[in-house]
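Trainee: First the structure, then my questions, so here it is.
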Amino acid sequence: MDSVKTIDEAALLADAEKRAAGEGFVSYTFPAPELDPLAVLETLNEPAPRGYFENPSRKRSHAAGSPLRQWAGRGDERFLQADRWLRELDASLTCVGPRPRIIATFPFYPGNDTDGAEARLFLPGWQVVSEDGLTTVTLCEPAAPGCATRLAIRAESFRKFSYRSNPPPPRAPVPTVLSEVGGSWFPSAVVRATELIKEGSFEKIVLSRAFDWRRAEPFSTYATLHRLRRGNPPCHTFLVDEAEGALVGATPETLLSLFDGAVRSESVAGTTRRGESASEDASLAEALLTSEKDLREHSAVTASILRRLRMVGVLAATSRNAELLRLGNVMHLRTPIEGTMPADRRFLEVAGELHPTPAVGGKPRALALPFIPGFEPHQRGLYTGAVGWVCSDGSSGKLFVALRCARIKGSEARAFAGAGIVAGSDPDAESTETEMKLRTILEALI
C-alpha cells in the first residue's frame, strides 16, 4: 500500500509542479495519522508569526507556521484590501487536494497609513488540522524546480512525526497585586462614560483594563495554551503573534464563521459570576436572565449584528431568547445567529462589516469608538480584534474575537479585560466584572 501511495503522491506532485511552471506556490493537503496540532507547534517551536486555534469541546484544532507570503495593511478598507490580496494569492496556487487556510489577524483599531497596529494575512508553509480525531496536513512550497520532491519528503516527516517533550518549569503563584496600566483610572472613567450616555453621546461603550505581570523567569506560551484548553473546553483557545509578543487566550466569542454557505455569528454580552454552590449558581443564572440592564445590553449587541449582516445581504435569524453560556468562573448571555452567505459576497467583506461589534466597541459604533482612546491608557493591539483563518478561495473561514487573553514577551505578560458600560452601570460592579474575566488568563499563565 505504501508503494502505491508513494507512486500516486509522486505523480500528483510532479504534475502540479509541471502545471505551476515555476509560478506561485504548490500546495499539498493529505490525511495523516492523528496528531495534536498544539504539540506539533510546540515541537517545531518556530519563530513568529504563527497561528493556533482550538475548540476542545468540538474536537477541532489547527496550528500553522513558516509563512511563505504575507500581507499587512491598515485603515478603514483593510478587510477589503486583505480580500484583494487573498484573491491574488489564490490565483497563484496550484493545489493537490483542498486549498490551504490563510492565517488572519485584524487589530481592534483600523489605524491609518502611518500609525497603528497592522492587520496581517499569511500563507503558512505547513499547517495541521484535527477535526473529530481525523488529521490533515497542508504543506506549501514555492513552485521552483524540485518542489514536488521537497513536498513528498516533508509529507513523510509529518506522517512519522515525533513529538519532543518539553516540560515547563514549576508554576509561579499568581500575584495578589498586579500593576494596572494607568493606575486607578477605571472607576472614574465608568462614571464619565455614564454621564456621556445620559447626554446622548452614545448608548454603550466598552472600556478595557490592562494589567502587567513581571517575574524573574520567562512565561511558557505553550504550557499556558495547554492549561487554557484544558480549563476552558467551551471556549476557543488561540495563539497569534504581534510585534510586541505572543497573544494567547481562550475566547468565548466567534465573530464570524462560514462553512458550505452557512454563516454563523453570535451575540455575547451580559455577565455574572459563577456560584460557589449549585443553588447559588442557579440563582445567579436566573438573575442574569432577568436583569434589565444585562438584557438591554445584550439586545443592543444582537440587533447590531443582525442589522450589519442584513446590510451585506446575509439573511440572518436568531433564537427567540438569549441562552446562558456557562464558563469556568463567569456566565454570559449568548444568542446564536445563523444565516446564508449571498453568492456575491466574500467572507472577509462580511467580517469587516461586523468588526468591531458593540460587545467590544460600543453603540452606535461611529459615535462610541472615537471616545475609547481618550479613556484607555493602553494600546489594545489585537485584544478585542479579529483573529483566525480563511480558506484561500474565500469559501470558508472562522474569525474569533480576541478576548480573555494576555500578551506574552519573555518574563512579562500583559493581561486584558473589559466591560460594557451602559446607562445604570456601576463602577464597582464593572470593576468586579473585569477582575472576574481576568482570572481565566491569569490562572493559566505559566
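The values are calculated or read from the model by the stated rules, or taken from the named source; none is laboratory data. Since this is a predicted model, take the numbers as computed values, not measurements. Virtual Cβ from ideal backbone geometry, glycine too; neighbours counted across all protein chains shown.
Trainee: Looking at region 72-84, is at least one residue part of a strand (DSSP E or B), over 19 Å from the mean Cα position of the chain (by Cα) and over 19 Å from K398 (Cα atoms)?
Mentor: no
Trainee: Sticking with this one: Consider region 43-71. How many of its residues are aliphatic (A, V, I, L, M), part of a strand (DSSP E or B) and closer than 25 Å to T251 by Cα?
Mentor: Number satisfying all stated conditions: 2.
Trainee: Which is in contact with a His (Cβ under 9 Å, 6 or more places away or on another chain) and either farther than 24 Å from S299 by Cβ or at pLDDT below 95 (or both), of G410, G385? Please lay out each step first, then the result.
Mentor: Values: G410 fails: in contact with a His (Cβ under 9 Å, 6 or more places away or on another chain).
None of the other options fit; the residue is G385.
Trainee: Filter region 139-156 down to the residues that are touching a residue at least 60 places away in the same chain (Cβ under 8 Å) and of a type in the set (D, E) and list them by number.
Mentor: Correct list: E141 only.
Trainee: Quick test for you: out of L80, L38, pick the one residue that is at pLDDT 95 or above, touching a helix residue (DSSP H, G or I) at 6+ places or on another chain (Cβ under 7 Å), surrounded by fewer than 19 Cβ atoms within 10 Å (Cβ to Cβ) and not polar (S, T, N, Q).
Mentor: On the way: L38 fails: surrounded by fewer than 19 Cβ atoms within 10 Å (Cβ to Cβ).
Selected residue: L80, the only one of L80, L38 that is at pLDDT 95 or above, touching a helix residue (DSSP H, G or I) at 6+ places or on another chain (Cβ under 7 Å), surrounded by fewer than 19 Cβ atoms within 10 Å (Cβ to Cβ) and not polar (S, T, N, Q).
So that you can scan it fast, the table gives a plain yes or no per residue for (1) of a type in the set (G, A, S); (2) surrounded by 20 or more Cβ atoms within 10 Å (Cβ to Cβ); (3) under 19 Å from P252 (Cβ atoms):
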{"residue": "P356", "(1), (2), (3)": "no, yes, yes"}
{"residue": "V360", "(1), (2), (3)": "no, yes, yes"}
{"residue": "P377", "(1), (2), (3)": "no, no, no"}
{"residue": "A386", "(1), (2), (3)": "yes, yes, yes"}
{"residue": "W389", "(1), (2), (3)": "no, yes, yes"}
{"residue": "A402", "(1), (2), (3)": "yes, yes, yes"}
{"residue": "S411", "(1), (2), (3)": "yes, no, no"}
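Trainee: Would you mind telling me which numbered condition in (1) touching a helix residue (DSSP H, G or I) at 6+ places or on another chain (Cβ under 6 Å); (2) under 20 Å from D212 (Cβ atoms); (3) modelled with pLDDT of 95 or more; (4) of a type in the set (A, V, I, L, M, F, W, C) L403 fails?
Mentor: (1)
Trainee: How many residues does region 367-388 hold that are closer than 18 Å to F53 by Cβ and either out of contact with any Leu (no Cβ under 8 Å at 6 or more places or on another chain) or in a helix (DSSP H, G or I) (or both)?
Mentor: 1
Trainee: Considering only residues that are under 29 Å from T434 (Cα atoms), assigned to a loop (DSSP other than H, G, I, E, B) and at pLDDT 95 or above, which ones fall in region 139-181?
Mentor: The answer is V181, and nothing else.
Trainee: Would you mention how many residues in region 333-350 are among the polar types (S, T, N, Q) and either part of a helix (DSSP H, G or I) or in contact with a helix residue (DSSP H, G or I) (Cβ under 6 Å, 6 or more places away or on another chain) (or both)?
Mentor: Adding up the residues that qualify gives 1.
Trainee: Here's another thing I want to ask about it. Within region 351-366, identify whether any single residue is without any contact (Cβ under 8 Å) to a residue 40 or more places away in the chain, under 21 Å from G116 (Cα atoms) and not in a loop (DSSP other than H, G, I, E, B), and answer yes or no. I'd like the intermediate steps shown before the answer.
Mentor: Step one: filter region 351-366 for residues without any contact (Cβ under 8 Å) to a residue 40 or more places away in the chain, giving 366.
Now drop any that are not under 21 Å from G116 (Cα atoms), which leaves 366.
Then keep just the ones that are not in a loop (DSSP other than H, G, I, E, B); that gives 366.
So far as region 351-366 goes, yes, one or more of its residues are without any contact (Cβ under 8 Å) to a residue 40 or more places away in the chain, under 21 Å from G116 (Cα atoms) and not in a loop (DSSP other than H, G, I, E, B).
Trainee: If Y28 satisfies all but one of (1) in contact with a Gly (Cβ under 8 Å, 6 or more places away or on another chain); (2) closer than 30 Å to F108 by Cα; (3) crowded, with 20+ Cβ neighbours inside 10 Å; (4) of a type outside the set (K, R), what's the number of the condition it fails?
Mentor: For Y28, the failing item is (2).
Trainee: For the subset of region 393-446 comprising residues that are part of a loop (DSSP other than H, G, I, E, B) and hydroxyl-bearing (S, T, Y), which member is nearest to the chain's Cα centre (by Cα)?
Mentor: Result: S396.
Trainee: Another question, then. Grab the strands (runs of 3 or more DSSP E) fully contained in region 197-301, keeping just those with 1 or more residues being crowded, with 23+ Cβ neighbours inside 10 Å, among the aromatic types (F, W, Y) and at pLDDT 95 or above.
Mentor: On the way: elements: 204-214, 236-242, 245-251, 254-259, 262-273.
The qualifying strands (runs of 3 or more DSSP E) are 236-242.
Trainee: Considering every residue within region 59-71, establish whether at least one is assigned by TED's automatic domain parsing to the domain that holds Y109, at pLDDT 95 or above, over 17 Å from the mean Cα position of the chain (by Cα) and closer than 12 Å to A119 by Cα.
Mentor: yes
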